[in-house]
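Before any comments, here is the structure.
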Amino acid sequence: DSQLRERAEKKLGMEAGSTELAPEMPPEKMKGFIHELQVYQTELKLQNDELRSTRDELEKSRDRYVELYDFAPIGYFSVNQKGFVDEANLTIASMLGVARSALIGQPFTCFVLKDDQDVFYKHRQKLLKTDAPQSCELRLVKKNGHAFYARLECTIITSKADLKQIRTAASDITEHKQMESQLRRAQKME
């Protein structure tokens, strides 16, 4: 931009910062100047078209990402250092039987079964202390009061302002737990 500005000022015969045209400009030089302005205007139009195209591609890419995030078969959510949900996809909202907007700003512990609060607390403390990815299995509670087993895969993301955010992938493992229980019962019968 600055080089372009300098070239334009040079073509005009102006000093940097001056707004006055050169005292006398021969007609041929004026024609050349007008031609240069037209070329510059066309270049700007082409650049604007390219920027619009790039913006449209970015919007399409963002929309694809949002669809992948929201409709993934796994629940995704982010919790701040205080334990409040910052972000959530539609899958975790569906798993918990609430609207996504009902999750945002709520303490995640509201959705952890009371008997498993200690498991979650210890998991969260270890995660924040080590900054290493952690996983745990516990029971979450749906809005209707039904509990289900979930596996949480968590990782810490630290912002430039040294704020930590816990990003979590949650899977419903209720069927898996039920099969384990049936297998143990069958083994005891043998």
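The values are calculated or read from the model by the stated rules, or taken from the named source; none is laboratory data. These figures come from a predicted structure and were not determined experimentally. Here the Cβ positions follow ideal geometry from the backbone for every residue, glycine too, while neighbour counts run over all protein chains shown. When the accessible area is computed, the model is the full protein with side chains, heavy atoms only, and any ligands, DNA or RNA have been set aside. Shrake-Rupley method; radii C 1.70, N 1.55, O 1.52, S 1.80 Å.
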>> I want to verify a result. In a Gaussian network model of the chain, Cα cutoff 10 Å, which of these has the top mean-square fluctuation: SER61, SER135, SER159?
In response: SER159
> Which lysines have a Cα less than 17 Å from the Cα of LYS177, not counting those fewer than 8 places away in the same chain?
Replying inline: LYS188
>> Compute the helix-to-body angle for 174-189: its Cα long axis versus the longest principal axis of the chain, expressed 0 to 90° and rounded to tens.
In response: 30 degrees
> LYS29: which lysines have alpha carbons under 27 Å from its alpha carbon, excluding same-chain residues fewer than 8 sequence positions away?
Replying inline: LYS10, LYS11, LYS45
> Helix 27-70 versus the longest principal axis of the chain: what angle, 0 to 90°, nearest 10, using Cα atoms?
Replying inline: 0 degrees
> Which FRET efficiency, nearest 0.05, do LYS143 and GLU36 yield, Cβ-Cβ r, R0 45 Å?
Replying inline: 0.10
> On a 0 to 90 degree scale, rounded to 10, what angle separates helix 2-12 from the longest Cα axis of the chain?
Replying inline: 20 degrees
>> Springs between alpha-carbon pairs under 10 angstrom, Gaussian network model over the chain: which of TYR69, TYR40, TYR121 fluctuates most?
In response: TYR40
> Where the convex hull is taken over the Cα atoms of the stretch 74-190, what is its projected area averaged over directions, in nm²?
Replying inline: 8.1 nm²
>> Over the stretch 1-158, what portion of Cα pair distances is larger than 24 Å, expressed as a whole percent?
In response: 58 percent
> Hey, got the dipole for the chain? About the Cα centre, +1 on K and R Cβ, -1 on D and E Cβ, debye to the nearest 20?
Replying inline: 1160 debye
>> How large a share of the accessible area of the chain, in percent, is made up of carbon and sulfur atoms when the probe is 1.4 Å and the other protein chains stay in place?
In response: 53 percent
> Averaged per residue, what accessible area in Å² does the chain show with a 1.4 Å probe, protein chains only?
Replying inline: 74 Å²
